[in-house]
1. When the stretch 278-293 is examined, which residues are found to be part of a loop (DSSP other than H, G, I, E, B) and either of a type in the set (Val, Ile, Thr) or within 17 Å of residue 254 (Cβ to Cβ) (or both)?
2. Filter the stretch 265-289 for residues that are without any contact (Cβ under 8 Å) to a residue 24 or more places away in the chain and of a type outside the set (A, V, I, L, M); which is surrounded by the fewest Cβ atoms within 10 Å (Cβ to Cβ)?
3. Would you check if residue 257 is crowded, with 19+ Cβ neighbours inside 10 Å, within 27 Å of residue 159 (Cα to Cα) and either charged (D, E, K, R) or at pLDDT below 95 (or both)?
4. Could you please give the count of residues in the stretch 346-383 that are touching a residue at least 24 places away in the same chain (Cβ under 8 Å) and in a loop (DSSP other than H, G, I, E, B)?
5. Out of all the residues in the stretch 80-94, which are surrounded by 20 or more Cβ atoms within 10 Å (Cβ to Cβ), aliphatic (A, V, I, L, M) and assigned to a loop (DSSP other than H, G, I, E, B)?
6. For a quick check of your reading of the model, give me the residue pairs whose first member lies in the stretch 47-63 and is at positive phi, whose second is exposed (fewer than 12 other Cβ atoms within 10 Å of the Cβ) and part of a loop (DSSP other than H, G, I, E, B), with beta-carbon atoms closer than 6 Å and at least 6 apart or on different chains.
7. List pairs: first in the stretch 181-194 and closer than 12 Å to residue 161 by Cβ, second at pLDDT 95 or above and among the hydroxyl-bearing types (Ser, Thr, Tyr), Cβ under 7 Å, 6+ apart or cross-chain?
8. Would you check which residues across the stretch 204-220 are modelled with pLDDT of 95 or more and either in a loop (DSSP other than H, G, I, E, B) or under 22 Å from the mean Cα position of the chain (by Cα) (or both) and list them?
Amino acid sequence: MTGPRFLRAALAVGAAVLLAGCSFLNSLPLIGGAEKPKPAELQANPNLLAVRQAWTGKIGTVDFPLVVTVNGNVAAMASSDGTVVGLDAATGREQWRGSAGAPLAAGVGFDGSTAAVITRNNDLVAMVSGKEVWRQKLGALSYTAPLVAGARVFVLGGDRSVSAYDGGTGRRLWTQQRQGEPLVLREAGVILAVGDTLVVGQGGRLAGLNPLNGSSRWEAPIATARGINDIERLVDLVGRVSRVGDSICTRAFQAAVGCVDAGRGTVVWTQRANGSEGLHGDAANVFGSESDGKVVSWKRADGQRAWTNDKLLHRGVGTPLALGRAVVVGDDFGFVHMLSRDDGTLLQRLATDGSAIAAAPVAAGNTLVVVTHNGNIYGFVPQ
């Protein structure tokens, strides 16, 4: 999950103040000595889905907003120390391994050939088969995995600037700089390709850009700033998004969820929602977790709630994955919960190493891939 599970809060002097997500804030002692809410007790596991652990692997500790990117049957992932790995999801065997040479701030972008990460030294590093092919110094911090697409590497900065680099040489092709928000999240944002349009999150808006030169094609507001101070007015979109064709559904931090028609650049619907994790979904529904641990399904067509699961309260539930009959979510205690797409009831629960699930679960072929904070990788498959 992109989630703010770990101590990633920082204040920056300058145009932007970088603010961690609410899970970090919830981890701080409360004024007056009050305790944090007690995590919900786990239900008995009904074992309604036959799933087995097929393999395990290992990378280093993960305490940055890791995105596991799948291309074909290869899942690319990384650890905080700069190690970048591509695994065959069917077997767990390493296809390649490399190092960015420094701790990571964001990654991994991967198109099946080139993998790209961003270091805490502000270096954008591109690798092929684990070997570094180029590196470029960035002008701004970034916490969003680069997008590798169309022989280019696109970077969304922490100040929500957007830059494009030649995928073969690393030459910078263009930069779009926008007026910085008073506050932005130290959190993975939104960047993806939809047809011939580069779609990025900028403040509370999705923006469609021309990938050839960065010029704006459309903007669609998901949430608008409200409040009397900068913290109350914080509006920022968080990854991952749920995309089905031209329909892109996304979350504005602690404000709203909504869907946009990227073909026309128009908002289809928005609904108030209080969460900090990204979304996933299918043609019928969009799934997300709220800050208190509720898992919610919204109808993709109009945003009406289809169901709510409140059995995982205060367990640090992350970004979901729609997979087969299930909605898969990890928590801060190393459990992977598989809920029914139809009504949100528990179908199966899988255990890992007891540390927080560190990235949104992904599907590669027939395999569910999960990475923990302690750096253990699990491949689960149907029986």
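1. 278, 279, 290, 291, 292, 293
2. 272
3. Criteria not met by residue 257.
4. So the count comes out to 12.
5. If the condition is that a residue be surrounded by 20 or more Cβ atoms within 10 Å (Cβ to Cβ), aliphatic (A, V, I, L, M) and assigned to a loop (DSSP other than H, G, I, E, B), then 89 is the only one that fits.
6. Within 6 Å, no pair qualifies.
7. 189/144; 191/144
8. 206, 207, 208, 209, 210, 211, 212, 213, 214, 215, 219, 220
The values are calculated or read from the model by the stated rules, or taken from the named source; none is laboratory data. Since we're looking at a predicted model, the values are computed, not measured. Note that each Cβ is placed from the backbone with ideal geometry, even for glycine, and that neighbours are counted across all protein chains shown.
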